Amino acid sequence: MKKLILNTGAKTHRSGMTGRAEEAGADRHVIVSNLGACGISCRKCAVYREGDICYHSNELLSLLGSLDTSAATSERAQHQQGFNHYAEFQEILQRLAEPTCEGCRHGGPTPGNCRIVTCVRERGLDFCHECSEFPCDKACLDEPFKAWWVRTNRHIRKIGLSKYYEETRNLPRYWRHVNAWHLCLLMDKS
């Protein structure tokens, strides 16, 4: 399976940064715009308007152009396995290209009763790890997200926001189970 490399070359991503600029290190504004107040990567979320999934879905739609569903399912289906499901693929890709979330910092949805963005805003902060009261019960998070939140913000506090962003920016967002253990191992090594 091929890995998709994000934000490479000179193409500008919606965040306004090119791949080369990201390699040089992200400034605080870019980090704040790409991470939720809890530390989760909004940039990698499938429903985030300014995210990588939206960006690359639109790029793929553009590359596919006017590939007709009927042509894909008839002529190509005879020669290339998989095109018989092209209509379903195209529908999913279209949905990924039109996400609706603006992120919790801009009024987007939050999990459950999460109060993190409200709390950091009231304190004039960007992230939980910056608060002298962290960890606290004000976030109103359920397990296992609460355990992730505490561990992540302690890790950010330990290594710094820029290093955390660089360390995690190319990890997948949906890293439950195996990938969660990989991230925990990274955090334990620092």
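Selection of first residues in the range 136-153 that are part of a helix (DSSP H, G or I) and of second residues that are modelled with pLDDT of 85 or more and surrounded by fewer than 17 Cβ atoms within 10 Å (Cβ to Cβ), restricted to Cβ pairs under 7 Å at least 6 apart or on distinct chains, gives the following pairs, ordered by first then second residue: V150/P135. Of all the criteria given as (1) surrounded by 15 or more Cβ atoms within 10 Å (Cβ to Cβ); (2) farther than 23 Å from R28 by Cβ, the one not satisfied by C131 is (2).
Taken as a whole, the range 3-15 holds no residue that is at pLDDT 90 or above, surrounded by 19 or more Cβ atoms within 10 Å (Cβ to Cβ) and within 17 Å of the chain's Cα centre (by Cα).
Pairs meeting the criteria (first residue in the range 99-124 and without any contact (Cβ under 8 Å) to a residue 24 or more places away in the chain, second residue part of a helix (DSSP H, G or I), beta carbons under 7 Å, at least 6 apart or on different chains) are T110/C104; T110/V117.
T110 meets all of the listed conditions (1) in contact with a Gly (Cβ under 9 Å, 6 or more places away or on another chain); (2) at pLDDT 85 or above but one, namely (2).
I'd like to verify a number: residues in the range 23-79 that are modelled with pLDDT of 70 or more, basic (K, R) and surrounded by 13 or more Cβ atoms within 10 Å (Cβ to Cβ), how many? Spell out the reasoning first.
Here is the first cut: in the range 23-79, the ones modelled with pLDDT of 70 or more are 26-67.
Next, from what is left, pick out any that are basic (K, R): 28, 43-44, 49.
Cutting the leftovers down to surrounded by 13 or more Cβ atoms within 10 Å (Cβ to Cβ) gives us 43-44, 49.
Matching residues across the range 23-79 total 3.
The values are calculated or read from the model by the stated rules, or taken from the named source; none is laboratory data. Fair warning: this is a prediction, and the values are worked out from it, not measured in the lab. We place every Cβ from the backbone using ideal geometry, glycine too, and count neighbours over all the protein chains shown.
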